[in-house]
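Engineer: Input: one structure, supplied below.
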Amino acid sequence: MERARIAVAGASGLIGGALARSLTADGHQVVRLVRRAARGGDEVCWDPEGRYVDTSGLAGCDAVVNLAGAGVGNRRWTDAYKARIRAGRVLGTAALAEAIASLDDRPRVFVNGSAIGYYGETGDRVVDESAPAGSGFLPKLCVEWEAAAAPAREAGVRTAFVRTGLVVSSKGGAWARLFPLFKAGLGGRMGDGRQYWSYVSLHDEVAAIRHLIDTDGLSGPFNVTAPNPLTNREITEAMGRVLHRPTFFTVPAPALRTVLGEMAGDVLGSARVVPTRLLESGFTFAFPDIEGALRAA
């Protein structure tokens, strides 16, 4: 792709920050959406919960990427925190989609965040983008999150959704909490370990988003997960091999429910999700296996 101007919401987060660095390194101009007054031409003021975006800052953008929202795994799911999770994603997406639709010179693509939480509990069943939404807080959230992008799509802007799995990184997300435990020799399976975890390396996550930006004709949902999801037990064993540490410990399901509350269902639940549409579009994973993803992290 030729040098482009790309707006990124959520550029201070794990994925958004990595994306911004990758784009900047390749000579693209990154415009960051910030929740304060803009301090220059590379910032745009917005208030996601208030559904406000300074549209003048989006003028001339070739693409808009929305990865904003409070971390799902950052704290226990109280009613107040669930409301915050929803507001940042649903209202923020609506604000950006409406802002994009209002422009005379619209970006050619809108890439919006989503998650494999869309599918809910899948057990041993393999699911791809053709599967329906599951039930519960996360599936309902993802349905609303994606629906909020409708104004941009209806205005003729190519719109793609990144249904992200568990991002393997030592710098943020769930794995940032796992690495220290395993390095200390305190790691182990969670519950019975039979639940599937659909993971993706941070490198491949960023590469997939850039692939969706660059490739004309790609729209709708794309699962961004490595091609072969593994069980928690298999991932635990891989962590032990890569870090050269024992993995004797087990966290019983009741203990997880006590500590994490409703969020424990996401940790103990099984999501065997595959990236069918991403692979069909010609994307190649740099780290398709868990050991490679762990070593890259």
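The values are calculated or read from the model by the stated rules, or taken from the named source; none is laboratory data. Keep in mind that what you see is a predicted model, and the values were worked out from it rather than measured. Cβ sites come from the backbone with ideal geometry, for glycine too, and all protein chains shown count toward neighbours. Accessible surface areas use protein heavy atoms only, side chains included; no ligands, DNA or RNA. Shrake-Rupley method; radii C 1.70, N 1.55, O 1.52, S 1.80 Å.
Engineer: Being modelled with pLDDT under 95 and at positive phi is the filter; apply it to segment 121-161 and report the residue that is surrounded by the fewest Cβ atoms within 10 Å (Cβ to Cβ).
Structural biologist: Taking the candidates together, the pick is G123.
Engineer: Please specify each residue of segment 61-81 satisfying the condition of being hydrophobic (A, V, I, L, M, F, W, C) and either closer than 23 Å to G156 by Cα or modelled with pLDDT under 80 (or both).
Structural biologist: Those that are hydrophobic (A, V, I, L, M, F, W, C) and either closer than 23 Å to G156 by Cα or modelled with pLDDT under 80 (or both): C61, A63, V64, V65, L67, A68, A70, V72, W77.
Engineer: Looking at the structure I just gave you, is S56 free of Cβ contacts under 8 Å to residues at least 24 places away in the same chain, under 19 Å from the mean Cα position of the chain (by Cα), at negative phi and open to solvent by 30 Å² or more (accessible area, probe 1.4 Å)?
Structural biologist: no
Engineer: Here's a follow-up. Within segment 252-268, is there a residue that is at positive phi and modelled with pLDDT of 95 or more?
Structural biologist: no
Engineer: The conditions are (1) on the phi < 0 side of the Ramachandran plot; (2) at pLDDT below 95, and R51 fails exactly one of them. Which is it?
Structural biologist: Going through the list (1) on the phi < 0 side of the Ramachandran plot; (2) at pLDDT below 95, R51 breaks only (1).
Engineer: Among the numbered criteria (1) touching a residue at least 60 places away in the same chain (Cβ under 8 Å); (2) out of contact with any Ser or Thr (no Cβ under 9 Å at 6 or more places or on another chain), which single criterion is violated by A94?
Structural biologist: All conditions are met except number (1).
Engineer: Of all residues in segment 162-181 being under 14 Å from A238 (Cα atoms) and open to solvent by less than 10 Å² (accessible area, probe 1.4 Å), which is nearest to the chain's Cα centre (by Cα)?
Structural biologist: Per the criteria, the residue is V168.
Engineer: Related question: Which members of segment 186-202 meet the condition of being within 23 Å of the chain's Cα centre (by Cα), open to solvent by less than 10 Å² (accessible area, probe 1.4 Å) and either charged (D, E, K, R) or farther than 17 Å from G269 by Cβ (or both)?
Structural biologist: V200, S201, listed by residue number.
Engineer: Out of V65, V111, V127, report the one residue that is of a type in the set (V, I, T) and under 29 Å from R194 (Cβ atoms).
Structural biologist: Just one listed residue meets the conditions, V127.
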